[in-house]
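Here's the structure, in structure tokens; my notes come after.
The values are calculated or read from the model by the stated rules, or taken from the named source; none is laboratory data. Owing to the predicted nature of the structure, the values given are computational and were not obtained by experimental measurement. Positions of Cβ are backbone-derived with ideal geometry, glycine not excepted, and every protein chain shown enters the neighbour counts.
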């Protein structure tokens, strides 16, 4: 009888501890299995979403600034802005090119900061060509000042224009290789 009481008082708490630990482990395994099943169930939708994104990117590809490196894409953007300015009868005085080298974007941002001279008609043509061109560009800043405040009433007013234009660069292997400018 004493042996039975010792077994009951020692074995029963150990059995209860083992049983609680086993149930907790089973509950955790069930929770992990549920999470895995949810992730696997969402996989086809994620693949579909990825395919849709790739399709949209390829469709927008011609609207991006191309280049083998982000620096080359920025130079291509500067050449594009120079051509647009020439077509708009606006003279470029200075051009500064900037490249986003942070590496946080899959499509690096390339920026051209240009200072130009032209009249109001040239400015309007420049903005129209930048906005309606085949390349998707954003005018981030535009400052316009008259060069001379006093002049004859019939004379065309000459303007000093400062424009910052930004585009996204389509760089092959852009997520693996980053060019530092």
Checklist (1) modelled with pLDDT of 90 or more; (2) exposed (fewer than 13 other Cβ atoms within 10 Å of the Cβ) applied to residue 159, failing item: (2)
Hits in segment 1-51 - residues which are surrounded by fewer than 10 Cβ atoms within 10 Å (Cβ to Cβ) and more than 48 Å from the chain's Cα centre (by Cα): 1, 2, 3, 4, 5, 9, 14
Residue check, residue 117 surrounded by 14 or more Cβ atoms within 10 Å (Cβ to Cβ) and closer than 14 Å to residue 161 by Cα: yes
Options 111, 117: the member that is under 18 Å from residue 168 (Cβ atoms), assigned by TED's automatic domain parsing to the domain that holds residue 166 and either touching a residue at least 40 places away in the same chain (Cβ under 8 Å) or within 17 Å of the chain's Cα centre (by Cα) (or both): 111
Scope segment 141-156; condition part of a strand (DSSP E or B) and either at pLDDT below 95 or more than 24 Å from residue 76 (Cβ to Cβ) (or both); matching residues: 143, 144, 145, 146
Answer residue from segment 84-96, given it is free of Cβ contacts under 8 Å to residues at least 24 places away in the same chain and part of a strand (DSSP E or B) and is nearest to the chain's Cα centre (by Cα) among those: 96
Filter pass, residue 124 being touching a strand residue (DSSP E or B) at 6+ places or on another chain (Cβ under 6 Å), assigned by TED's automatic domain parsing to the domain that holds residue 71 and either closer than 23 Å to residue 69 by Cβ or not in a loop (DSSP other than H, G, I, E, B) (or both): no
